[in-house]
1. Please state which one of 139, 155, 124 is modelled with pLDDT of 95 or more and closer than 26 Å to residue 265 by Cα.
2. If we scan segment 186-202, do we find a residue that is closer than 22 Å to residue 71 by Cβ, crowded, with 24+ Cβ neighbours inside 10 Å and at pLDDT 95 or above?
3. State all residues of segment 33-89 that are in a loop (DSSP other than H, G, I, E, B), more than 20 Å from the chain's Cα centre (by Cα) and among the basic types (Lys, Arg); if no residue qualifies, say none.
4. Looking at 284, 291, which one is within 20 Å of the chain's Cα centre (by Cα) and assigned to a helix (DSSP H, G or I)?
5. Go through the residues of segment 204-217 one by one and say whether even a single one is surrounded by fewer than 19 Cβ atoms within 10 Å (Cβ to Cβ), within 23 Å of the chain's Cα centre (by Cα), free of Cβ contacts under 8 Å to residues at least 60 places away in the same chain and under 30 Å from residue 278 (Cβ atoms).
6. Just one of 384, 378 is modelled with pLDDT of 95 or more and either closer than 19 Å to residue 320 by Cβ or aromatic (Phe, Trp, Tyr) (or both); which is it?
7. Could you say which residue among 253, 264 is within 21 Å of residue 41 (Cα to Cα) and crowded, with 21+ Cβ neighbours inside 10 Å?
8. Mind listing just one residue for me: the one in segment 151-184 that is assigned to a loop (DSSP other than H, G, I, E, B) and under 22 Å from residue 206 (Cβ atoms) and, of those, farthest from the chain's Cα centre (by Cα)?
Amino acid sequence: MTDTTGPTRPSSSAGTPGTGTAGARVHLDNGGGARLHPLARQALLQALDDGWADPHRLHTEGRRAARLLDGAREAVADVLGARTEEVRFTASHTTALRAAVLGTAQARRRTGGDVVVGGTERAAVLHAASAASSAHGGARVVVGVDHYGRVDLDALTAAVARPGVALAALQHANGEVGTRQPLRAAHGAARIAGVPLLVDAGASLGHDVVPDAWDLLAAHPADWGGPAGVGVLAVRQRVRTVPPEPEDADPWAPGGVSVPAAFAAAVALQATTADRAAEDERRRRLTDRVRAAVAAVPDVEVVGDPDDRLPHVVTFSCLYVDGEALVTELDRAGFAVGSGSACTASTLEPSHVLAAMGVLTHGNVRVALDRSTTDDDVDRFLAVLPGAVQHVRDVLGVAGL
């Protein structure tokens, strides 16, 4: 599963011009659901022909599917710097996160029931931490973050050093604002305290170098151009866990996983890892342009660390603007962007990430670039954005405040 051809831009259907914008629609909401990588598409079609059978069966078709699944695990393990047997596929990224929290807390229940989490963790982690700690007589301990969204390392160190902590969870980087976390230092503190650290790499794997500073790691193939319907959970052999589900042939993915989806996810991860350096430079150049241009729009604040961040994510908040209205206005102009909480975007609820950071939680727009985003796409977006913001303010009757 080696990437031997460079990715090409997927074709997109022509969009209806909105406020004077011509050309195809531009998708700038690739966080958590990027376009399928061209090589992943090829791998998916191949695996649909070769890996359709149940990999637990002993016949030829089943063994062929099992080989594809084992190859996918090996490829993901190679990127992570893990052993093949430490990598598991699950039904989704959310399933992987919940299984990691619940399974580790259950296995370490005699140690205690507390689960330590950063204030900007994904909703799935926060909810699972509440459930796990409640089930084992502990508490969910939330560690605050600074204005950039970076966790308070001293507070985290103190929290994991307390007796009764079953697990700590910290994302590698926040998918909503792009800020990286001090992962190596956090992992070092957790190791000294004897507490396993779950790292959510759902927003970063495939886009950024993820340090090997983790005990459990969950990742999201759809974020790096793999198919939806599959997640990754890696668990170091030294970590005690128990499957959170009842007994099953595949206890970490009851009912099994889609072999074609897992195979395509692994191919996409290899491909994005192979050209990551070039893509990193290109997308950082584009996001730097977005950050600079957006900052010049009146009453708009760019959030997240300006330097120590993911290469492809920009989030900004607009004063006196409703996020849903702005997303709709940009959509009319041919641009798909995100708003609200990245992990509960369908609800358009105020972002708990931005709230934890102490920045404006309303009127926010999240832009996440993928490999198909061009300079022209960014030029067009930046040309339309100021007018879209002003139009929404005019409609709301807040212009000039």
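The values are calculated or read from the model by the stated rules, or taken from the named source; none is laboratory data. Bear in mind the structure is a predicted one, so any value in this text is a computation, not a measurement. Backbone-built Cβ (ideal geometry, glycine too); neighbour counts: all protein chains shown.
1. Values: 139 fails: closer than 26 Å to residue 265 by Cα; 155 fails: closer than 26 Å to residue 265 by Cα.
From the options 139, 155, 124, the qualifying one is 124.
2. Step one: of segment 186-202, the residues closer than 22 Å to residue 71 by Cβ are 201.
From the residues that got through so far, the ones that are crowded, with 24+ Cβ neighbours inside 10 Å too are 201.
Then keep just the ones that are at pLDDT 95 or above; that gives 201.
Yes: one or more hits.
3. 57, 83
4. Numbers: 291 fails: within 20 Å of the chain's Cα centre (by Cα).
Within the list 284, 291, the selection yields 284.
5. yes
6. Values: 378 fails: either closer than 19 Å to residue 320 by Cβ or aromatic (Phe, Trp, Tyr) (or both).
On inspection, the qualifying residue turns out to be 384.
7. Values: 253 fails: within 21 Å of residue 41 (Cα to Cα).
One residue alone meets the criteria, 264.
8. So in segment 151-184, the residues assigned to a loop (DSSP other than H, G, I, E, B) come out as 152, 162-164, 172, 174-178, 181-182.
Imposing the further condition that a residue be under 22 Å from residue 206 (Cβ atoms) reduces the set to 172, 174-178, 181-182.
Values: 172: 9, 174: 7, 175: 5, 176: 9, 177: 11, 178: 10, 181: 14, 182: 17 Å.
Filtering first and then ranking leaves 182.
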